[in-house]
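Here's the structure we're looking at; comments come further down.
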Amino acid sequence: MERLLIKNAKIITQNLIVDGSLLALNGRVAALGVHIEADVDSEIDAKGLFLSPGFIDIHNHGRMGFDVMDASVSSLLNIAIEQIKHGVTGFLATTNTAEKGVLWRAVNVAAEFCDVDRQAERTANKPRRGAQCLGIYVEGNHISMKKRGSHPPELLRPIAQENLNTLLSAGKGNIRVMAFAPELPGSLDAIRRLRHASVVAAAAHTDATFDEAMDGINAGVTLAAHTFNSMRAMTHRDPSIIAACLLDDRVVCEAIADGTHLDPAILQLIYRLKGPDRVCLISDSVRYNGLPDGQYNRDDGRDVTVKNGVIRLGDGRLAGSSLSMNEAVRNMVRLAGIPLFHAVRMASFVPSRVIGMDAAKGSLDVGKDADMILFDEDVNVEAAFIGGKRII
Ligand SMILES: [Zn+2]
């Protein structure tokens, strides 16, 4: 039996922040209390730091020069190691628009990585070094030409049923989310097929009108990928997919809270309309996150410029973010004036529920995995634990 006690912490539960201690037994949260006395193997004095559930970043492509599209186990491991430094204990490896074969290979390697990661939990002699890869998020290819963002236009096409089946088998049950434009031919059938396979259908890079969006939602879309970004604009006579996603309670809205992709007022607006249970903070971090300012050549031959952490294509379009999840939480509090425990919920519980893992992860409730982090007033991460084991 492994027993860990963290005391003298400000514990962030789903609805409040309370001073106290947390006891983890065999990798799970066993007790929370103002004062806990127990025989333990290790005891940590948090010295007043916040103890929070680990963040779950469902939408991130890479960082520090590594990308899920490298289709390499070592890139995925490096992403996992970078992620946990920013409080992420679980993430989805997110793919990008690519040639069929390239995409399938990336999905294949990520699926393998997820499987190995799951086994690593049980092998005590091979300690974990990074965040846990909880599955795969497939973004792209089947998106609107008009709202493609930085995705290469020559590779865009509607979903073909047989390709969807091949992709799902390449993922070996690890694909948790697929993001595409619901208004394209074949998309509604794909949404129904995905629902059947327990894969979340997300609306992304879309020019859908309000009515087209409602058709998608009625067919089973439950997630809006980076809400507002690369979506048909909302105006007073054209409510667009944005109003549909903001108004419909079946939809969780992802938000990139870096202060660049969305104005702080829009962050507040999303929060007020959706509430803390239906906003999912994401990083949408890409390979260039963490690299020095400068110009870089992308895999698709296009150049991107990184300046003060903002990543753009030559024509000025944003090409992913340099955001980390702890910064997203900090920004929600500082820029958008949202209570810390709600910002934490949008970075932990909501994403865990989106991917159907909230029975085991996403909050510090008794019985759940002891995936947790300690951070200071500025949300700088001081320690991270997965299954009660300290990783950093
Ligand atoms: Zn995107």
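Of note:
- Residue in the stretch 159-175 that is at negative phi, without any contact (Cβ under 8 Å) to a residue 12 or more places away in the chain, open to solvent by 30 Å² or more (accessible area, probe 1.4 Å) and not in a helix (DSSP H, G or I) present: no
- Failed item, numbered, when GLY62 is tested on (1) free of Cβ contacts under 8 Å to residues at least 60 places away in the same chain; (2) within 30 Å of GLU162 (Cβ to Cβ); (3) out of contact with any Leu (no Cβ under 7 Å at 6 or more places or on another chain): (1)
- Residue list for the stretch 23-69, filter: in a loop (DSSP other than H, G, I, E, B), closer than 17 Å to ALA80 by Cα and touching a strand residue (DSSP E or B) at 6+ places or on another chain (Cβ under 7 Å): GLY54, HIS61
- Residues located in the stretch 174-189, provided they are among the small types (Gly, Ala, Ser) and over 22 Å from the mean Cα position of the chain (by Cα): GLY186, SER187
- Where strands (runs of 3 or more DSSP E) fall wholly inside the stretch 250-321, the ranges with 3 or more residues that are under 28 Å from ASP215 (Cβ atoms) and under 22 Å from the mean Cα position of the chain (by Cα) are 252-256, 279-282.
- Some residue of the stretch 225-239 being among the aromatic types (Phe, Trp, Tyr), open to solvent by 10 Å² or more (accessible area, probe 1.4 Å) and either in contact with a strand residue (DSSP E or B) (Cβ under 8 Å, 6 or more places away or on another chain) or within 15 Å of the ligand (Cβ to nearest atom) (or both): yes
- Once the stretch 7-48 is narrowed to residues that are of a type in the set (Asp, Glu) and closer than 16 Å to ALA384 by Cα, the residue that is most open to solvent (accessible area, probe 1.4 Å) is GLU43.
- The set of residues from the stretch 83-113 being open to solvent by less than 30 Å² (accessible area, probe 1.4 Å), in a helix (DSSP H, G or I) and within 21 Å of PRO53 (Cα to Cα) comprises GLN83, ILE84.
- Scanning the stretch 186-219 for residues that are open to solvent by 30 Å² or more (accessible area, probe 1.4 Å), at negative phi and not hydrophobic (A, V, I, L, M, F, W, C) yields ASP189, ARG192, ARG193, ARG195, HIS196, THR209, ASP211, GLU212, ASP215, ASN218.
- Residues located in the stretch 277-296, provided they are open to solvent by 20 Å² or more (accessible area, probe 1.4 Å) and touching an Asp or Glu at 6+ places or on another chain (Cβ under 6 Å): ARG287, GLN295
- For the stretch 131-153, the set of residues classified as open to solvent by less than 10 Å² (accessible area, probe 1.4 Å), in a loop (DSSP other than H, G, I, E, B) and away from the ligand (no atom under 14 Å from the Cβ) consists of ALA131 only.
- Applying the criterion of being within 21 Å of LEU32 (Cβ to Cβ) and of a type in the set (S, T, N, Q) to the residues of the stretch 337-381, the residue that is surrounded by the fewest Cβ atoms within 10 Å (Cβ to Cβ) is SER363.
The values are calculated or read from the model by the stated rules, or taken from the named source; none is laboratory data. Note that the structure is predicted; figures quoted are calculated from it, not measured. Using ideal geometry, Cβ is built from the backbone for each residue, glycine included, and neighbour counts are taken over all protein chains shown. All accessible areas refer to the heavy atoms of the entire protein, side chains included, with ligands and DNA or RNA removed. Shrake-Rupley method; radii C 1.70, N 1.55, O 1.52, S 1.80 Å.
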